[in-house]
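For reference, the structure discussed in these notes is given below.
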Amino acid sequence: MQKKIFMPEIGEKPYVFGTHSAELERLGLQHRVWRPDVTDAWRRAGFTAGQTILDLGSGPGFLSMDLAEIVGPEGRVIALDRSSDFLNYLDSQSKKNGLQNISTHCVNLDEDEIPGDALDGAYARWLFAFLRNPKKLLERVVKNLRVGGTIVLHEYFHYHTFGFTSPSPAFDVFIAAVLKGWYAEGGKPDIAPELLTWCQELGLRIESVKPIVHIVSPENYIWQWPKSFVEVSPWRLADLGFMTKSEVEALQQEFSTFEKDGHTRIITPAVLEIIAKK
Ligand SMILES: C[S@@+](CC[C@H](N)C(=O)[O-])C[C@H]1O[C@@H](n2cnc3c(N)ncnc32)[C@H](O)[C@@H]1O
């Protein structure tokens, strides 16, 4: 596997995995892998036509665009992220796809006020794990929901399930580096249990709690998700000083060996889905 060429990140402080073009592509693939789980959760949560829904930490907006199609022309999606590069991409894609019901706002969700009141719904996937003040954001979101409004969350609850069904020393080094980088930025990967507690403390009614872990071989499409992570993110961690070049090469060699050996499966990092109503 070759080193990915990154577009420079100008004028913004990106989150730990960056906002370069390779990360944008990776988030797109990740979204295609996860789309069935996400749309199923939204349907069970009651997200539907005419609603106003927040997409918290939208990134390049793959979720926002799906939500925009669900809420339709009478509804509205408010996409919030601190990356102007990601939001510019979302603006250009919405224009291209004729979606006029998405507004984008460049905000730091650790501090800034969030737009929208009497919201019908809010969604976040892999955002709270990167925040310094996740509880404060949850409080602000709950305040802005209407009574009966619903929040849907997909966040990790046990990142350490991420691994293989065969010994994988180079992958273990990678995961240690991922966690080191994550904590260094002030985030906390396994934030889901705390989110569940805070939802209850804030008076929300928990409608559903569902763990999601997959154990798959290379011919399953889900394999492509960790594969893209291993292709892109180690180089970013190496640039930040959390891995050496030889550790990255050993990781990619190990991953290719597993992909060819025909019996090793990958175990995805454990995600918790929470659906809660005000
Ligand atoms: C792993 S990406 C997930 C993107 C999107 N939710 C998805 O699932 O495709 C994390 C996103 O959170 C954003 N983010 C991290 N910290 C943030 C902060 N303090 N304020 C706003 N956005 C933040 C990053 O810019 C990035 O777009």
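Which one is farthest from the ligand (Cβ to nearest atom), of the residues in the stretch 147-173 that are closer than 19 Å to Ile191 by Cβ and β-branched (Val, Ile, Thr)? Here the residue is Thr161. Filtering the stretch 102-125 to residues that are surrounded by fewer than 18 Cβ atoms within 10 Å (Cβ to Cβ) and in a loop (DSSP other than H, G, I, E, B) leaves Val107, Asn108, Asp110, Glu111, Asp112, Glu113, Pro115, Asp117, Ala118.
Residue pairs whose Cβ atoms lie under 6 Å apart, separated by 6 or more positions or on different chains, with the first residue in the stretch 95-117 and without any contact (Cβ under 8 Å) to a residue 60 or more places away in the chain and the second within 10 Å of the ligand (Cβ to nearest atom) and in a loop (DSSP other than H, G, I, E, B), are Asn108/Arg82; Asp110/Leu131; Asp110/Arg132; Asp110/Asn133. The residue that is nearest to the chain's Cα centre (by Cα), among those in the stretch 46-82 that are in a loop (DSSP other than H, G, I, E, B) and not small (Gly, Ala, Ser), is Pro60.
Matching residues to (1) closer than 15 Å to Ser84 by Cβ; (2) in a helix (DSSP H, G or I); (3) at pLDDT below 75:
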{"site": "Lys4", "(1), (2), (3)": "no, no, yes"}
{"site": "Met7", "(1), (2), (3)": "yes, no, yes"}
{"site": "Ile10", "(1), (2), (3)": "yes, no, yes"}
{"site": "Pro14", "(1), (2), (3)": "yes, no, yes"}
{"site": "Phe17", "(1), (2), (3)": "no, no, no"}
{"site": "Ala22", "(1), (2), (3)": "no, yes, no"}
{"site": "Gln30", "(1), (2), (3)": "no, yes, no"}
{"site": "Trp34", "(1), (2), (3)": "no, yes, no"}
{"site": "Val38", "(1), (2), (3)": "no, yes, no"}
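Tell me, which residue of the stretch 175-231 that is of a type in the set (Asp, Glu) and touching a strand residue (DSSP E or B) at 6+ places or on another chain (Cβ under 8 Å) is farthest from Thr268 (Cα to Cα)? By that ranking, first place goes to Glu207. Cβ-Cβ contacts under 9 Å between residues 6 or more apart (or on different chains), taken from a first residue in the stretch 179-199 that is farther than 16 Å from His154 by Cβ to a second residue that is among the charged types (D, E, K, R) and surrounded by 17 or more Cβ atoms within 10 Å (Cβ to Cβ), are listed as Gly181/Arg236; Trp182/Lys188.
Yes or no: Lys210 at negative phi and without any contact (Cβ under 8 Å) to a residue 60 or more places away in the chain? No, not satisfied.
Among the candidates Asp55, Asp81, Asp120, the residue that is near the ligand (Cβ under 9 Å from one of its atoms), touching a Ser or Thr at 6+ places or on another chain (Cβ under 6 Å) and touching a residue at least 40 places away in the same chain (Cβ under 8 Å) is uniquely Asp55. Every condition in (1) closer than 28 Å to Thr150 by Cα; (2) in a helix (DSSP H, G or I) holds for Gly187 except the one numbered (2).
For (1) among the acidic types (Asp, Glu); (2) buried (at least 19 other Cβ atoms within 10 Å of the Cβ), each residue gets a yes or a no:
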position: Leu127; (1), (2): no, yes
position: Arg140; (1), (2): no, no
position: Glu155; (1), (2): yes, yes
position: His160; (1), (2): no, no
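Looking at Leu179, is it within 16 Å of the ligand (Cβ to nearest atom) and either part of a strand (DSSP E or B) or buried (at least 21 other Cβ atoms within 10 Å of the Cβ) (or both)? Judged against the criteria, Leu179 is not a match.
The values are calculated or read from the model by the stated rules, or taken from the named source; none is laboratory data. On a predicted model such as this, the values are computed, not experimentally measured, just so you know. Virtual Cβ from ideal backbone geometry, glycine too; neighbours counted across all protein chains shown.
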